[in-house]
Amino acid sequence: MRSRDLSVLSEGDHDLLVIGGGVYGLAIAADAASRGLRVALVEAADFGSGVSFNHQKTAHGGLRSLSTGHLGRARQSIRERRALARIAPRLLRPLPFIVGTYRSLVKSRLALRAGFKLDGWLARHRNDGIEPELHLPPARLVSRAATLKLFPGISRDGLTGGAMWYDYQIVEADRLTLAFAESADAHGADVANYAEATAALREAGRIAGMRVRDRLSGEECDVRAALTINAAGARAGEIMRGFGVNRPMRLLKAMNLVTRKPASDIALAAPDATGRMLTLVPWRGRALVGTSQSSTFREPGDTRVLRSEVETFVADANAAFPALQLTMDDVTLVHRGIVPAVDGRGGTPELLPAPQILDHTTDGAAGAMTVVGVKFTTARGVAARVVSRAARRIGKRVPPSRTDRQPMPGAGIADHEALAIETARAVHLELAPPTIRHLIGVYGERCVPIIKLMAEQSAWRAPLTAGLPNVGAEVVHAIRHEMAHTLADVVIRRTGLGSGSHPGSAVVQAAAGIAGDALGWTPSRAAQEIAEIDRFYEIDEE
């Protein structure tokens, strides 16, 4: 990506200003820029550092929507699952799921067979235009014996067998989010992280953009646009109030547990003691359990993790997956995010069932829209609809969206191993096979600039610590080419070193040393950055 430069945001008027750099905002910016609109995007923190980081690393085809009779949502999820496989094939892999069938009306083999037949018809084009290695087999029923073998600890009471279906695992979820940012940048969008929208600009009774504060320098500027799109996630309600729109914004806290427990290659689905369906997903060889939802509505900044919450979640996970035998010591990271909600039965919050696209013209705030996203999987499709509606609103003719078929930067399939070897040879380096496998696994074609950086300094080509394939050049690359400004940006979201657990003090110290040199940190600033990494993994007492 181009270097972060907030001065370009204030140069002239944009067609669209997008507030929020989660996957929804980034997808909107990428789609709009690819269709010829002049786009600016500002994100108050780092790209993808909110709910987009905190999810279960899967792209779902909408079976849950199908089970509740929402065929339109299921169809949309199926389409967007396929779109992700087309535009980011390197970052996905097929993942089988299994759930038990029982002697009951809704969990019987007959009910599941009927559901799978409908899913098979809706998803009959699921593999069109997709690389063969990403083709998804049809859903099927399996025997009781096979289910007991594949799902250790499954409840045997009334068990008649199992039902198996396939979705995608997003192997490097943060790289996928970043690919949307890179795509927006490649198509000419002006994007900036750590740029906070603080106040609406008003002209002739319209919203004409936003006042933006650079959180790194403290400077402010006005970013003008024909249409301002609020995709600020948990902050969407706050931004709406800045538009002068007073709409209720219900929120709940969702959590997933990253554990050190080993997991097989099959994802498991089972209800906890309350009947809520949980899933156990294998990710990087460990079990990732989700999703827990708070029983009360929450505020946008309520992302603390309390021990009592985690203890309850651990108990729920053990009820659903007894063979897991999870303890608090097995939890390496609690993914958490504040997500949109609605009033459920008895006033208990439930996840907002479908995305919302709100045009604020009728609210007295012409020139502003709000997008409230729900699922990572469907962000691209929602973005395409938003851009089409936005273009009509500002009177611009744009071509149809093609973001459902154009491979995103760094996300395509190619002979990356040969590319890495040829690049290393060209700069007179001989890389160890584990280093090559690591670089192409995480970065794909983006391994090229990293290998070139390795040739610049010996310190950058050395592992951050002995036994790790991660090298110092990854830290430099994140800062120079991916707008990383903090140690958390580098360690947690760019390199993935800390995306599942604390990577260890030696790794953090090594990364801080390289980042500090690149960004001019004082010793006290480096110590603060390290402390922020440690705090990220803490579980708070009451």
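The values are calculated or read from the model by the stated rules, or taken from the named source; none is laboratory data. Bear in mind that the values here come from a model prediction, so they are computed numbers and not experimental data. Every residue, glycine among them, receives a Cβ derived from its backbone with ideal geometry; neighbour counts consider all protein chains shown.
Among the residues of region 82-123, those identified as within 29 Å of Leu148 (Cα to Cα) and among the basic types (Lys, Arg) are Arg93, Arg103, Lys107, Arg109, Arg113, Lys117.
For region 168-210, the tally of residues that are among the aromatic types (Phe, Trp, Tyr) and either more than 15 Å from the chain's Cα centre (by Cα) or at pLDDT below 95 (or both) stands at 1. Tell me, please, whether a residue that is of a type in the set (Gly, Ala, Ser), more than 27 Å from the chain's Cα centre (by Cα) and either exposed (fewer than 14 other Cβ atoms within 10 Å of the Cβ) or under 17 Å from Ala83 (Cα atoms) (or both) can be found in region 144-162. Within region 144-162, one or more residues are of a type in the set (Gly, Ala, Ser), more than 27 Å from the chain's Cα centre (by Cα) and either exposed (fewer than 14 other Cβ atoms within 10 Å of the Cβ) or under 17 Å from Ala83 (Cα atoms) (or both). Residues of region 115-143 that are surrounded by 12 or more Cβ atoms within 10 Å (Cβ to Cβ), assigned to a loop (DSSP other than H, G, I, E, B) and touching a helix residue (DSSP H, G or I) at 6+ places or on another chain (Cβ under 6 Å): Ala123, Arg126, Ile130, Glu131, Pro138, Ala139. Exactly one residue among Ala368, Ala354, Ala383 is surrounded by 14 or more Cβ atoms within 10 Å (Cβ to Cβ), farther than 19 Å from Glu299 by Cβ and touching a strand residue (DSSP E or B) at 6+ places or on another chain (Cβ under 7 Å), and that residue is Ala368. Among the numbered conditions (1) closer than 25 Å to Tyr168 by Cα; (2) part of a loop (DSSP other than H, G, I, E, B); (3) among the aromatic types (Phe, Trp, Tyr), the only one that Phe297 does not meet is (1). Residues in region 37-79 that are of a type in the set (Gly, Ala, Ser) and touching a Gly at 6+ places or on another chain (Cβ under 9 Å): Ala40, Ala44, Ala45, Gly48, Ser49, Gly50, Ser52, Ser65, Ser67, Ala74, Ser77.
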